[in-house]
Amino acid sequence: EVCRELWCLSKSNRCVTNSIPAAEGTLCQTGSIEKGWCYQGECVPFGTWPQSIDGGWGPWSIWGECSRTCGGGVSSSIRHCDSPAPSGGGKYCIGERKRYRSCNTDPCPSGARDFREKQCADFDNMPFRGKYYNWKPYTGGGVKPCALNCLAEGYNFYTERAPAVIDGTQCNADSLDICINGECKHVGCDNILGSDAKEDRCRVCGGDGSTCEAIEGFFNDSLPRGGYMEVIQIPRGSVHIEIREMAVSKNYIALKSEEDDYYINGAWTIDWPRKFDVAGTAFHYKRPTDEPESLEALGPTSENLIVMILLQEQNLGIRYKFNVPISRTGSGDNEVGFAWNHLPWSECSATCAGGVQKQEAVCKRLDDNSIVQNNYCDPDSKPPENQRACNTEPCPPEWFIGDWSECSKTCDGGMRSRTVLCIRKIGPSEEETLDNTNCLTHRPIEKELCNNQSCPPQWVALDWSECTPKCGPGFKHRIVLCKSSDLLKTFPAVQCQEETKPPVRIRCSLGRCPPPRWVAGDWGQCSAQCGLGQQMRTVQCLSYTGQASSECPEPLRPPSMQQCESKCDSTPISNTEECKDVNKVAYCPLVLKFKFCSRAYFRQMCCKTCQGH
């Protein structure tokens, strides 16, 4: 399967592979394709490629666990682009891969810890720059609402402890909108994600604004010598409370209970502008340096409150308005009409390079212009949402910084890099690359060292030995050492992980071995000195390694004995020659015993023994 794994023959006639497929277009052949080429790891007919198949969504998974046990969490469900998966250059699926829904929307028990506060407190036992702190949520300006920014209690700093809060965390205290994947998503007043349900002016979800009435007025009385002076009483259950000075002054808005317990700016002590949790709601006290101070709360309040003013100079006027609950016997204001109205233009969605402003159409009461649920207006007469372009001028040049690449090494010091470009955004989805000199700030670094820690000892395998034996099943062996990462030091094997040790022996085969064969030795001397005799030789069945075997075919066995003939010497023995036994021959008594003296050879060799017989 060359298209899946390419094997090459080395100079030493060994097959080697890097376990990578052959290049696209490499010629290939299969049982059914005589001439083909490689395409995406498969051998296909030459000059063709499979037809592209667009991806299709698979089924949604079951809904996952809720992110919160109370107070409005979210659960998710996912699907995959695998029915079918895109192939042959086909398109990926379009649409949502993950969806969310609200869950556990019931309010948390009274006194339960704030969800964002708990997430910050989870970092109390983790050191920050070598020290431990008690962390509280920081929700001031200049931070992303869905990032977990925490304030070190007792210290004048905050930091981002996590890039995103847990899904289901409220974006801010005065909104039901929640964070999902680090982004703020709209939640209706019914605590349902993406719902159109709206609160009316009385903070009744889906109401028509008939269960409360608006109280507003202007207060500009003064005291000759200064001091605290009552402005207005706010009844229990009031909502949408706004108290605002008409001009910047040295006077201060204060708030107290019916029992004269001050919550804000009491006892001639001026509080820092911040959020105050009072009477079951959050009061936001603001005092900008160049704008009049204000006090706002969504309500409803859980007790009667009294707004005061601490006078230190002439009172230039305080405007107040809030909605107080009223009792009605009917189901609502049948005599009040409702009509569609466009809201003011929203803020531009971008500060430069072209954004969008929108005018949403909402349903309002005709008597006080307060927003109510859309179903109180005729849906057929709803005007379209208005849109217009804004801030179309190009953005100032800025550095585009890409993500860091993977480190080139996991230890012993590697390098990583990223793309750094000077760009200018000239449209909502259009950018241009500029020369680096156009970006005025210092150019961010493109490369840096990474993973400088020393590598642990590692296994280093030497080359494999030749396969032994030379044919048939055998083994290759090699030496595996525990070495330092720079390969300069050798450690005891116990310092490397045993489970990652490469094998030191593998099976191999250089082909089938030749079968055992008969091997014959040289013929011995003829047994007769004169005339016919016999000569012998050894015949063995040997394997290719030279070891004795019993698997040679018997019909092919060579003979181990054959007849032979020696020429007889016609010259008689001289009487003068001494008749004696050849001293090297020790079997002459046997020759006599077995009556071999009649044979010329034995008679000559054992002349003395055979004499007279």
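DSSP loop (so not H, G, I, E, B), at most 13 other Cβ within 10 Å: list which trypsin sites (Lys or Arg not before Pro) in the stretch 496-541 pass both filters.
Those that pass, being in a loop and sparsely packed, are 512.
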Exercise for the section: Using Cα positions and a limit of under 16 Å, work out the lysines in reach of residue 501, with same-chain residues fewer than 8 apart set aside. Expected result: 483
Exercise for the section: Note down the relative contact order for the stretch 216-325 as a percent, whole number, built from C-alpha pairs under 8 angstrom at least six residues apart. Expected result: 49
Exercise for the section: Have a look at the stretch 1-148 and give its Rg and Dmax from the Cα atoms, expressed in angstrom. Expected result: 28.0, 81
Problem - Size of electric dipole in the chain: Cβ of Lys, Arg +1 and of Asp, Glu -1, about Cα centre, debye, nearest 20 - result: 5480
Completion exercise
If the label point sits 7 Å along Cα→Cβ of residue 343, residues of the stretch 149-171 with amide N under 17 Å come out as 171
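When only C-alpha pairs under 8 Å and at least 6 residues apart count, what is the relative contact order of the stretch 458-510, in percent?
43
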Completion exercise
Hydrodynamic radius by Kirkwood for the stretch 280-319, inverse mean 1/r across distinct Cα pairs, in Å, is 12.2
Handout entry: log10 of Debye I(q)/I(0), alpha-carbon scatterers only, for the stretch 458-510 at 0.20, 0.21, 0.22, 0.31 Å⁻¹
Key = -0.70, -0.73, -0.77, -1.13
Practice task
For residue 35, go through the aspartates and glutamates and keep the ones whose alpha-carbon is under 14 Å away, minus same-chain ones fewer than eight residues off.
Solution key: 1
Exercise for the section: Report, in deg cm²/dmol and to the nearest 500, the calculated mean residue ellipticity at 222 nm for the chain, where each DSSP H run with n ≥ 4 adds -39500 (n - 2.57) and the sum is divided by the residue count. Expected result: -1000 deg cm²/dmol
Exercise for the section: Working with all protein chains in place, sort 442, 342, 186 by solvent-accessible area computed with a 1.4 Å probe, largest first. Expected result: 442, 186, 342
Practice task
State the answer as a single residue: which of 339, 232, 433 lies farthest towards the positive end of the charge dipole of the chain, with beta carbon charges of +1 for Lys and Arg and -1 for Asp and Glu, about the Cα centre.
Solution key: 433
Problem - All Cα pairs of the chain, percent lying beyond 32 Å - result: 76
Completion exercise
Using the Kirkwood radius over Cα pairs of the stretch 80-203, the Stokes-Einstein translational diffusion coefficient at 37 °C and 0.692 mPa s, in µm²/s and rounded to a whole number, is 190
Completion exercise
Expected field for residue 605, accessible surface area in Å² at 1.4 Å probe radius, rounded to 10, holds 40
Problem - ³J(HN,Hα), Karplus 6.51/-1.76/1.60, whole Hz, each residue of the stretch 418-435, x for Gly, Pro - result: 8, 8, 10, 10, 8, 10, 9, 7, 10, x, x, 9, 9, 10, 10, 8, 10, 5
Completion exercise
Bounding extents of the stretch 7-50 in its principal axis frame from Cα atoms, largest first in Å, are 37, 18, 13
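In percent, how large is the relative contact order of the stretch 321-421, given Cα pairs closer than 8 Å and 6 or more residues apart?
23
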Handout entry: Karplus 3J(HN,Hα) series, Hz, for the stretch 284-294 with 6.51 cos²θ - 1.76 cosθ + 1.60 (x for Gly, Pro)
Key = 9, 9, 10, 9, x, 6, 10, 9, x, 6, 8
Completion exercise
So the carbon and sulfur contribution to the accessible area of the chain, 1.4 Å probe, in percent, is 50
Handout entry: Where only alpha carbons of the stretch 216-325 are counted, the Rg and the Dmax (Å)
Key = 12.8, 37
Practice task
Run the dipole for the stretch 209-365 about the Cα centre, Lys and Arg Cβ at +1, Asp and Glu Cβ at -1, nothing else charged, and hand back the magnitude in debye, nearest 20.
Solution key: 320
Handout entry: Across 98/185; 11/470; 198/364; 321/382; 11/409, pairs whose alpha-carbon gap is larger than 22 Å
Key = 321/382; 11/409
Problem - Share of alpha-carbon pairs per 10 Å distance bin for the stretch 473-553, given as whole % - result: 13, 21, 16, 14, 14, 10, 6, 5, 0
Fill in the blank from the handout: Long-range amide H partners of residue 353, meaning residues 5 or more apart or on another chain whose placed amide H is closer than 5 Å, are 393, 395
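The values are calculated or read from the model by the stated rules, or taken from the named source; none is laboratory data. Predicted, not measured: the structure shown is a model, and the values here were computed from it. Because the Cβ atoms are built from the backbone with ideal geometry, glycine has one as well, and the counts that use them run over all protein chains shown. When the accessible area is computed, the model is the full protein with side chains, heavy atoms only, and any ligands, DNA or RNA have been set aside. Shrake-Rupley method; radii C 1.70, N 1.55, O 1.52, S 1.80 Å.
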